[in-house]
Amino acid sequence: LKVVHAVKSNGCGKACEDIAPVWEDLAAAFAESKHYVIGELSCDDLRQNSHKFCEREEISSYPTFLYSDNTGDELQTYDGPTDLESLKKFTLANVGHECSVGSHEGHWCSATQLALIDSFRTMPIEELMDKIESMDNALEAEYDVAEEKVAAAQRSLDAAEASGDSDKIAAAKKAVEDVDAEFDNLLALDQPLVLTWMEDIADEREEE
């Protein structure tokens, strides 16, 4: 994973001088982690062809801070505070990858996660498909319960409005807002990581 500090050897001036010790401290803070690469390059270093990288990323001011995150390898521009604590906090919160099945799993997954992934690869395919179906059904049941809570809250609101009782109407409206928010939060949740692994491995094994 890359956090790139793009500088220019000539003409960067005080801004690059000021950030240099902070950047060294940031690199030291993540030196023991295999998940982060804190680096820097000079956009006018013709020996490393770094000028081509800088042209591709449309770097026109220095220093420029780039990073990649969970969404993929496309580099994003960081334009927040450049003190050490802010950079560390941002890196920990935004620069990272989840364990996933594929070519990078040995890098991003823990030993426990790798063991679980390996168990999915070696178990009978019928058992794997049963596990996927079971988890899918559990998720679907959770959605059904949430939908029924929304419907029940709406029925209560309809009854309150029919009664004409303002206190009951206000309470019922609040209940509808609460269950709607809960349902929206449920829909916004990512699929469980284990289910994603099992589905990816099922696809992987079908292609064998």
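Are there any helices in the chain, counted as whole DSSP H runs, that stretch 18 Å or more along their axis by Cα and score at least 0.0 on average by Kyte-Doolittle, and if so which?
Numbers: long enough: 14-29 (24 Å, 0.22); 125-163 (57 Å, -0.42); 166-188 (33 Å, -0.13); 193-206 (20 Å, -0.26).
Long hydrophobic helices here: 14-29.
I need the Kirkwood Rh of the stretch 110-208: take the reciprocal of the average 1/r across all distinct C-alpha pairs and report it in angstrom. Intermediate values should be presented prior to the final figure.
On the way: mean 1/r = 0.0609 Å⁻¹.
Over the stretch 110-208, the inverse of the mean reciprocal pair distance is 16.4 Å.
For the chain, just list the percent of Cα-Cα distances falling in each 5 Å bin from zero outward, please.
Per 5 Å bin, starting at 0, the Cα pair percentages come out as 1, 6, 10, 11, 10, 10, 9, 9, 9, 9, 7, 5, 3, 1, 0, 0, 0.
Among residues other than Ala160 whose Cβ falls under 12 Å from its Cβ, what is the net charge (Lys/Arg +1, Asp/Glu -1)?
Numbers: positive: Arg155, Lys168, Lys173, Lys174; negative: Asp158, Glu161, Asp165, Asp167.
With Lys, Arg at +1 and Asp, Glu at -1, the net is 0.
Label points 7 Å out from Cα along the Cβ direction at Glu126 and Glu57: separation in nm?
About 5.3 nm, to one decimal.
At 1.4 Å probe size, what's the solvent-accessible area of Val194? Round to the nearest 10 Å².
The accessible area comes out at roughly 50 Å².
At 1.4 Å probe size, with every protein chain present, just tell me what the per residue accessible area of the chain comes to in Å². Mind dumping the intermediate values first?
Values: 13120 Å² over 208 residues.
Per-residue value: 63 Å².
Dipole magnitude of the chain about its Cα centre, charges +1 at Lys/Arg Cβ and -1 at Asp/Glu Cβ only, in debye to the nearest 20? Could you put the intermediate results ahead of the total?
Numbers: 17 positive and 47 negative charges, 225 e Å.
Computed about the Cα centre, the dipole is about 1080 debye.
What's the center-to-center distance, using Cα atoms, between the stretch 10-32 and the stretch 116-183 in Å?
Spelled out, the Cα-based centre of one part sits 49 Å from the other.
The values are calculated or read from the model by the stated rules, or taken from the named source; none is laboratory data. Just so we're clear, the structure is a prediction, and the values are computed from it rather than from any experiment. A quick note on method: Cβ atoms are made from the backbone with ideal geometry, for glycine too, and the neighbour counts reach across all protein chains shown. Surface accessibility is based on the protein's heavy atoms, side chains included, excluding ligands, DNA and RNA. Shrake-Rupley method; radii C 1.70, N 1.55, O 1.52, S 1.80 Å.
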